[in-house]
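The structure appears right after this line, and notes come after that.
The values are calculated or read from the model by the stated rules, or taken from the named source; none is laboratory data. This one's a predicted model, so the numbers in the text were calculated from it and none came from an experiment. Positions of Cβ are generated from backbone atoms using ideal geometry, with glycine treated the same way; all protein chains shown enter the neighbour counts.
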Amino acid sequence: MEVAILFAVVVGLMLIGVPIAVSLGMASILFLLALGDTSLASIAQTFFQAMAGHYTLLAIPFFILASSFMSTGGVARRIIRFSVALVGHVPGGLAIAGV
């Protein structure tokens, strides 16, 4: 029954135009507050303790952060221009340089 309620909340939020990520997060938090017997602080603490030994998973948010810095600062544009200058004359050169 709880799964049906959670699914209905997610679908309802998406139908009114809330983005998918926000609707999943809001539905989860509302579900934990309404039907859970633990606090959100203890859930966050448990999550961080579980992630403490998995340093490879930290690459994902740091990769996104690095791409944000690169596109904001203009470094990404300069890297692409440099790659085109090096291999742009070769057919498929930029694709080969990307691999």
Open item on the list: Pairs needed: first member in the stretch 1-17, basic (Lys, Arg); second member anywhere, part of a helix (DSSP H, G or I); C-beta distance under 8 Å; at least 6 residues apart or different chains.
Closed with: none
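With the condition kept exactly as written, say whether any residue in the stretch 87-99 is in a helix (DSSP H, G or I) and within 24 Å of the chain's Cα centre (by Cα). Give the derivation first.
We begin by selecting, within the stretch 87-99, every residue in a helix (DSSP H, G or I); these are 87, 93-98.
Remaining after also requiring within 24 Å of the chain's Cα centre (by Cα): 98.
Yes, there is a match, as at least one residue in the stretch 87-99 is in a helix (DSSP H, G or I) and within 24 Å of the chain's Cα centre (by Cα).
Yes or no, residue by residue, for (1) assigned by TED's automatic domain parsing to the domain that holds residue 94; (2) surrounded by 10 or more Cβ atoms within 10 Å (Cβ to Cβ):
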| position | (1), (2) |
| --- | --- |
| 11 | no, yes |
| 15 | no, no |
| 23 | no, yes |
| 26 | no, yes |
| 32 | no, yes |
| 39 | no, yes |
| 44 | no, yes |
| 58 | yes, yes |
